[in-house]
Amino acid sequence: MFKKILIANRGEIVCRVIKTARRMGIATVAVYSDADKDALHVEMADEAVHIGPAPASQSYLVIEKIIAACKETGAEAVHPGYGFLSERAAFAEALAAEGIVFIGPNPHAIEAMGDKIESKKAAAAANVSTVPGNLGVIESTEEAVRIADEIGYPVMIKASAGGGGKGMRIAYSADDVAEGFRASKSEAKSSFGDDRVFIEKFIVNPRHIEIQVLGDKHGNVVYLGERECSIQRRNQKVVEEAPSPLLDEATRRAMGEQSVALAKAVGYDSAGTVEFVAGQDKSFYFLEMNTRLQVEHPVTELVTGVDLVEQMIRVAYGEKLAITQDDVKLTGWAVESRIYAEDPYRNFLPSIGRLKTYRPPVEESAGGITVRNDTGVTEGGEISIHYDPMIAKLITHGPDRLTAIKAQADALDAFAIDGIQHNIPFLTALMEHPRWQEGRLSTGFIAEEFPDGFAPARPDGEIAATLVAVAAQIDWLTMERRRAISHQLRRGAATKEMLRTILLDGAPTRVETRPDGDAVAVRLVDEDDGGEGRVYRVATDWKPGEPVWRGEIDGKPVSVQVRKHPPAGWDLAHRGVSVVARIHGARIAELLAMMPEKQVADTSKLLLCPMPGLVVSIAVEEGQEVKAGEILAVVEAMKMENVLRAERDGKIAKINAKPGDSLAVDAVILELE
């Protein structure tokens, strides 16, 4: 077996590979850019080599620097992770020329299947069902529009060398094609160094289902079931699960056997993923093959018990697969949420900055539930503008789908992040969504269920009662601490009861809190029935300053994210509902209710930068008349281009930014009259 390997990547996937290598007794080498010198993957590896400036094009994408790092450290093999150089045949060939083993498929397989255009040709030759489209490289906007007109709308514009949603656009008209063609080529060039794109028919109301395959260098290939990846936003996967709630055993077998046949046709010899678009009627069409480890591989590992990274290393070393198709059994259900540095309340715009708080839930297997967190960050670390905004992957496994979903919701509630914006509120709300829980999915799920974007849910029903009960317990605890510190509470004495008003985002609830053994009893005072209301028994070991309140309400475990909100309140988040809980005596609550609301500043005549980013282009000039919907500027952040449009008719009065400028969030790009 290899004695030392280098992982040519950054972040969580490096940490993931290191864990398996360490278990196998293999030493590891990390590489890092200027931006990653203090990153977790650098700390975890046995050795680390600096390879250049922050931009990936000057560090993680430079083959010569990776090879030099191997020679410097004596690494015998390289695991590429995903992204960056993982699907570049030239990288595998360059390593081989230096006598270094590539922990991935052979260059021929990468060329045949890693390129989306070539992979579709190979699939067609192997009699695999493919989506109608144009498999040639498109040279101009005019040619793109002509091809799209011939295929029929809607169409998908896709980067040939792409992945992770980069360089992908759905077009419903010729104008969409013209705009999307330019954006796709630009993103593809920036992310992969290859601006080739192609066009295919977009299947309406589709599901995204992929098959995990595993091959060795002795002609053996197996499939390890499927993953459903239909919950996507802007073609970027957000939540994945295994198995799929759509498939039956016959369809699973058909997709798996086609995937194996395709892999064998190109001599595939590592872990890889064959992706399909599936209709609601279980029909399926080949999309592409990713010749690398997928971001969502943990859900397959949890339902099969197979460590895919270990298998990749063993195959690269020349070992035969120890797994036959009959050995593959799917047990239970797994769900993965991708936790991103983005603001769900501002159309998921990227967020950068320092992780002031990063406290993931405890990783454990207990009571039939497994919680796993794959990450590459630590508290105090920096989320950079230069790379993908993913912070972590939270995975839960249970005996069935609904149990795994509930475990995921519980784990998300217990995941505390502060200092940047993040999508945990959205993910938690998604776990509670009836359509998601019923498994009625499509790649349009988020757009269909959240057409106006994600807005904070109003606290209602049991969730509101839970938040009130937690706020009351926190208030009781802090009041007791204050009285003890100020010597108002005699030693050994206890407060008998408190009557308070709790405002959840301004909505008042009167509560009576009193001691109940090692807990407190919180009564929701109902004015309409003489002051009687439901009583909740709240028990916890929580202490002020801890970012997650963990305890029991009426014997049921509950987690609520907590942060002080001066002067007399707390930010609480639970099950996708985020509120400010203000706690007062009755008279103060009455007076606050009469206070005028603060007026929000009018920014309708300003184009503000919605996220920290780089100005790619300004599409207008001062004095130009514009109509609502017209493109004003393009801003790039975390390798994604964001088109900013006019929200109203007007005239450009002043332009404050130019292409190449690096802007902070809410910086004024231009002003309208």
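Where a number appears in this text, it was derived from the coordinates with a stated rule and is not lab data. Nothing here was measured: the structure is a model prediction, and the numbers come from that model. When we count neighbours, we look across all protein chains shown, and the Cβ atoms used for this are built from the backbone with ideal geometry, even at glycine.
Non-local amide H neighbours of Ala416 (under 5 Å, H modeled in plane, Pro and chain starts lacking H): which ones?
The list, which skips near neighbours in sequence, is Arg359.
Whose amide H sits under 5 Å from the amide H of Ser578, counting only residues 5 or more places off or on another chain, with H placed in the peptide plane?
Close amide H contacts, sequence-distant or interchain: Ala457.
Students often check this: by mean Cβ neighbours within 10 Å, which of 394-403, 57-66 ranks highest, and how do the rest follow?
Output ranking for 394-403, 57-66: 394-403, 57-66.
What distance in nm lies between label points placed 7 Å from Cα along the C-beta direction at Arg645 and His218?
Calculated label separation equals 5.7 nm.
May I ask which of Lys19/Lys329; Lys121/Lys237; Lys356/Lys627; Lys264/Lys406 have a Cα-Cα span longer than 32 Å here?
In this structure, Lys356/Lys627; Lys264/Lys406 exceed 32 Å between Cα atoms.
Report, for the chain, the % of DSSP beta bridges that are antiparallel, rounded to 5.
Here the antiparallel bridges make up roughly 90 percent for the chain.
What is the set of long-range amide H partners of Asp343 at a cut-off below 5 Å, with H atoms built 1.01 Å from backbone N?
So Asp343 has HN proximity to Phe348, Leu349, Ser351.
So, in Å, what gap is there between the alpha-carbon centers of the stretch 219-281 and the stretch 349-383?
Each part's Cα centre sits 28 Å from the other's.
Could you give the nm distance between label points at Ala124 and Lys543, where each point is 7 Å from its Cα heading toward the beta carbon?
6.7 nm
What nm distance separates the two modelled labels at Lys189 and Arg481, each placed 7 Å from Cα along Cα→Cβ?
Computed distance between label sites Lys189 and Arg481 equals 5.6 nm.
When the helix-only estimate is applied to the chain (DSSP H runs of n ≥ 4, each -39,500 (n - 2.57), divided by the residue count), what is the mean residue ellipticity at 222 nm, nearest 500 deg cm²/dmol?
Calculated mean residue ellipticity at 222 nm is -8000 deg cm²/dmol.
Stretched out fully, how many nm does the piece from Lys329 to Glu382 gain, at 0.36 nm a residue minus the Cα gap?
Extra length available between Lys329 and Glu382 comes to 15.0 nm.
Can you tell me the order of 273-281, 80-88 when each peptide is scored by its average per-residue count of other Cβ atoms within 10 angstrom, highest first?
80-88, 273-281
Between Arg514 and Asn347, what is the FRET efficiency for a Förster distance of 56 Å, r being their Cβ-Cβ separation, to the nearest 0.05?
0.80
So how much slack lies between Gln624 and Ala455, counting 0.36 nm per residue of separation and subtracting their Cα-Cα distance, in nm?
Contour length minus the Cα-Cα distance gives 57.5 nm.
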